[in-house]
């Protein structure tokens, strides 16, 4: 599959596969996935969004590398609940929701 189909609602491409797999894991049908288009700047701004999950690919420029780095983030409603190096966030999460999520993923044999 191409890395980005640019028409994920078509069902083709990586973006579609990820979105539909997440929906299926949550118990929703493929038809429950609604595509909302936004640009990358709007997607990463703090604050409320008109979408629940953002599936984007970012090119890491030298300017972005200073901001993004190797950090992992847990977001809720546009707010950062937890962030840090991958070994911190996944190895010793402080946020209850992250711990519960990792437990479910581990129990399902996906981590």
**Message:** I need every pair where a residue in the range 18-46 that is at pLDDT 80 or above has its Cβ under 6 Å from the Cβ of a residue that is surrounded by fewer than 11 Cβ atoms within 10 Å (Cβ to Cβ), sequence separation at least 6 or different chains.
**Reply:** 36/50
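Search the range 5-17 for residues being outside any helix (DSSP H, G or I) and surrounded by fewer than 14 Cβ atoms within 10 Å (Cβ to Cβ), and hand back the single one that is modelled with the lowest pLDDT.
6
For the range 53-111, please list each of the helices (runs of 4 or more DSSP H) lying entirely inside it that holds at least 1 residues being more than 17 Å from the chain's Cα centre (by Cα), at pLDDT below 85 and under 24 Å from residue 17 (Cα atoms).
Answer list for the range 53-111: 96-107.
The values are calculated or read from the model by the stated rules, or taken from the named source; none is laboratory data. Predicted model only: the values in this text are computed from it and were never measured. Because the Cβ atoms are built from the backbone with ideal geometry, glycine has one as well, and the counts that use them run over all protein chains shown.
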